[in-house]
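This report concerns only the one structure given below.
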Amino acid sequence: MNSQRINQAVILAGGLGTRLKPYTDENPKPMYPINEKAFLVYLIEQVHKFGIDNILLLLGYMSDKITDMLGDGKEYNIGISYDITPVEFQTGDRIVHAKDKLEQCFLLMYCDNYCPIDYLRLKEDFYKNNAWIQISAYENKDDYTKSNLSVDKNGRVLVYDKKRTVPNLQGVDIGYAIIQKSILDMISTRGQNFENVVYAYAVAKNKMFATMTKHRYYSIGSWERIELTKRFFYNKKTVFLDRDGTINKKAPKACYIEEPEQFVWLDGAKEAIRLLNENDYRVIVITNQPGIARGNLSEETLQTIHEKMEKELLATGAHIDKIYYCPHDWDEGCECRKPKPGMLYQAQKEYSLNLTKCILIGDDDRDIEAGNAAGCRTYKVTEERNLLQIVKDMVEEK
């Protein structure tokens, strides 16, 4: 892992925020409260977790309200400084105006987007690619928004289209970019959008790369996105449980649980789920069921098995919130069969989850790989430590 540090985050936060009117008639957009905390504070806390020591805020509209709220950053255990420019300045103007305050490499962020990115991977990719610009990009396979990128298999950005008019784009820039300061030398005139000029130049020189993420990003850029953003930051505690071998006895090797009567609870599993419920955890089961693809099990029978499971849980005062299953065989190349994390991302979209704050518990290496791939904290069930013991330790840790 590359040990070089990037010590500065630069956050663009100077615009009028017209799409958030009437709130922005009297307040700057980054101060919009999400669950009683200014959105900008979530970004500051994230930068601190990245291990970055200093933030430079590029301000314009109602800058005094932001500076009064944040001060020098001591309250957030990070240094905060400011560069204030006229409201009408474009993003390119703001960044060039702050040029003397910028370090040789810095993390550029937008003030209205948040994503639980893998920052260490972004940094690794930046140095590995010898990039001028390394952006984070959402894969956008679910058409969450309109794409503005085309990226090759090596992560090189082939097209960056801010207007999103080029056909067959796949992926969207989400506002976390590590940038070499030297590229600013090519901005020569006033009134330019930073991405339109600088990103286009880096693409033309084959020096812009993207680190793709499956994690959805959340925004205060428009009223349409805000309710999802509130759900995301509400962050109800969530535990993912594997099924066979974690909560019930596994079938013999190369066999499947094919009938309801074959579903037999492991010792302590029902009590563990009830304990999770009592401690306000959302409980989601994710299970591979290749017997469906192989003709050993119908989806109707699987539903019957799960109805039995849920009925027996309810009899003990416990419940499961959701069950996701993969019906595919191992060689079908799907995204949902563990060790791939597809079922976790299904849940992320349905519940607006921050998967990096979720927990996965399973008994197989494939479970753990899936959890790690999505950024979850993972625990492995063993003969020495069953589900109930793991859950009891989790509850005591909080």
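Assuming R0 = 56 Å, what is the FRET efficiency of A200 and E261, from their Cβ-Cβ distance, to the nearest 0.05?
Details: r = 64 Å, r/R0 = 1.14.
Approximately 0.30, to the nearest 0.05.
Taking every pair of alpha-carbon atoms in the chain, give the share separated by more than 36 Å as a whole percent.
In whole percent, the long-distance tail amounts to 34.
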Taking amide H positions as placed in the peptide plane 1.01 Å from N, state which residues far from R282 in sequence (5 or more) or on other chains have amide H under 5 Å from it. K237, T238, V239
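Suppose a student asked you for the relative contact order of the range 350-397, using Cα pairs under 8 Å spaced at least 6 residues apart; what percent would you report?
Working: 50 pairs, mean separation 15.4, N = 48.
Over the range 350-397, the number comes to 32 percent.
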Integer Hz, Karplus 6.51/-1.76/1.60 couplings in order for the range 247-262, x for Gly and Pro: 10, 9, 5, 6, 6, x, 3, 6, 10, 9, 6, 10, 9, x, 5, 7
Expected output is a single nm value to one decimal: the length gained when fully extending between N296 and D100, i.e. 0.36 nm times separation in residues minus the C-alpha distance. What is it? 63.8 nm
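Could you do me a favour and compute the accessible area per residue for the range 69-187, 1.4 Å probe, result in Å²?
Working: 5430 Å² over 119 residues.
Spelled out: the 1.4 Å probe surface of the range 69-187, per residue, equals 46 Å².
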In nm, the gap between the two label points placed 7 Å beyond Cα toward Cβ at K74 and E335 is 4.7 nm
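How high is the FRET efficiency from E307 to E384, r the C-beta distance, R0 25 Å, rounded to 0.05? Write out the running numbers ahead of the final one.
Working: r = 32 Å, r/R0 = 1.29.
Computed FRET efficiency for E307 and E384 comes out at 0.20.
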Which links in K207/K349; K21/K146; K49/K205; K253/K340; K37/K74; K37/K65 stretch past 26 Å when you go from one Cα to the other? K207/K349; K49/K205
Rg and Dmax [Cα atoms of the range 210-304; Å; Rg one decimal, Dmax integer]: 18.5, 53
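Among bridges DSSP assigns within the chain, what percent are antiparallel (round to 5)? Please report the intermediate quantities before stating the final value.
Numbers: 19 of 58 bridges.
The answer is about 35 percent antiparallel.
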Between the range 63-129 and the range 321-398, how many Å separate their Cα centres? 34 Å
Label-point separation in nm, K250 to K357, each point 7 Å along Cα→Cβ: 3.4 nm
FRET efficiency, 1/(1 + (r/R0)^6) with R0 25 Å, evaluated for L120 and S81 via beta carbons: 0.50
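The values are calculated or read from the model by the stated rules, or taken from the named source; none is laboratory data. Since we're looking at a predicted model, the values are computed, not measured. Cβ sites come from the backbone with ideal geometry, for glycine too, and all protein chains shown count toward neighbours. Please note that ligands, DNA and RNA were not included when accessible areas were found on the heavy atoms of the full protein model with its side chains. Shrake-Rupley method; radii C 1.70, N 1.55, O 1.52, S 1.80 Å.
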